[in-house]
Amino acid sequence: MLGSLGVGAALVANYAYLRSRGEGACLETQGELLCTSIRWIVILAVALLGVELIVFPITIAYLAAGPVEAVQSAAKLFGEFGVLTVLRVLLVFVGAGVFGLFLYRRLRDNSPENFPAALVYGAFALVLIGEVVGRFLFYATHVGINIGV
């Protein structure tokens, strides 16, 4: 999801650069391609968000029903780091879901005029922050397995 939104942000930055240079004839074609590409990137991001919202509860259930170390990790995830867990889910949901749906609705007419670049950058930034928080949670909730020697 982060990769697809990163590509979308890069495409928007490229279009803004071409527009600032006044590239003329190719700018119109580039704008149409941008709108089409961003629409498909948004569809992919929303689909991946759906997958993530299905996989996350399954992962938590697996941890909660697993060995002692897995149960301790799940307890940390919703105890000590509960606020960060909720923050991560909200950031990814708002970034990919809400911003994505706004983008899709704005780009229905395939017109690059008044392109919502801020929505693309905002979606990418929110998902990036959410994924960084998720990576932190992955390492912070790690419980080691003691192997007796």
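Within the range 1-18, being more than 20 Å from residue 131 (Cβ to Cβ) and surrounded by 18 or more Cβ atoms within 10 Å (Cβ to Cβ) holds for one residue alone: 15.
Across the range 41-93, the qualifying residues are those that are at pLDDT below 90 and outside any helix (DSSP H, G or I), and the one among them that is nearest to residue 9 (Cα to Cα) is 66. Within the range 75-89, the set of residues being closer than 16 Å to residue 55 by Cα, aliphatic (A, V, I, L, M) and touching a residue at least 24 places away in the same chain (Cβ under 8 Å) comprises 77, 89.
Summed over the range 91-103, residues that are in contact (Cβ under 8 Å) with a residue 40 or more places away in the chain and over 10 Å from the mean Cα position of the chain (by Cα) total 2. Candidates 101, 63: the one that is surrounded by fewer than 17 Cβ atoms within 10 Å (Cβ to Cβ), touching a helix residue (DSSP H, G or I) at 6+ places or on another chain (Cβ under 8 Å) and not aromatic (Phe, Trp, Tyr) is 101.
Taken over the range 126-142, residues that are under 13 Å from residue 76 (Cα atoms) and not aliphatic (A, V, I, L, M) amount to 5. Filter the range 1-33 down to the residues that are closer than 27 Å to residue 127 by Cα and hydroxyl-bearing (Ser, Thr, Tyr) and list them by number. Correct list: 4, 15, 17. Would it be correct to say that residue 21 is of a type outside the set (A, V, I, L, M, F, W, C) and surrounded by 13 or more Cβ atoms within 10 Å (Cβ to Cβ)? When the stated conditions are applied, residue 21 does not pass them.
The values are calculated or read from the model by the stated rules, or taken from the named source; none is laboratory data. All of these numbers come straight from a predicted model, not from anything done at the bench. So basically every Cβ, Gly included, is an ideal-geometry build from the backbone, and we count neighbours across all protein chains shown.
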